[in-house]
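Just below is one structure, and these are the notes that go with it.
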């Protein structure tokens with residue numbers, strides 16, 4: 001895949017204070033300044049679709065009410081902890097491309113898992129982080145910054161606040177713990 005649609009990674013702001021979710025002895029930080037998808041991706045507003053300026057703006061507060069916007073997505077700390085060492089990332093589409101919610105459009109491999117990547121919202125894929133194609137390990141060390149994955153223009157209907165995501169994590173972690181313990185008992 002060529003990376004004509006890839007955009008350079010501007011220095012992102014430091015994630016704002018938020019919440020901590022404990023995965024056993026490991027802490028997953030959940031910044032409060034973004035939204036979250038149930039597939040364990042974060043969403044940060046890049047700019048309003050109605051913005052007259054074509055340049056990328058620094059991330060801004062979540063728009064209210066839901067309005068079309070350009071969102072930057074990446075993996076939450078919870079996802080990164082479960083994946084562990086990410087070493088391969090590939091996209092099946094190039095930007096621009098229309099995506100439906102939950103549409104498969106990429107894949108990721110790590111030391112713990114191989115997984116398809118699904119669109120967290122419907123909209124237009126506007127960019128991918130081309131830097132990650134060359135070095136996906138950035139996801140492991142800076143998932144809330146330079147390790148962002150892609151941008152989608154769309155509405156944030158269905159995305160969760162940080163508080164709602166924590167509730168979702170409680171249920172997801174119980175299932176993950178049972179799965180992990182089951183695998184340990186098999187060996």
Requested in this report: Can you work out the PRE-style zone for residue 92? Point 7 Å along Cα to Cβ, and I want the residues of region 108-135 with backbone N under 13 Å.
Outcome: 108, 115-119
Report summary line: Simple SL model, points at 7 angstrom along Cα→Cβ for residue 26 and residue 85; separation in nm is 1.3 nm
Query raised in the report: By count of other Cβ within 10 Å, fewest leading, how are 47, 157 ordered?
Result: 157, 47
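None of the figures in this text is laboratory data; all of them are computed from the coordinates on show. In this text the structure is predicted, and so the values were computed from the model without any measurement. A quick note on method: Cβ atoms are made from the backbone with ideal geometry, for glycine too, and the neighbour counts reach across all protein chains shown.
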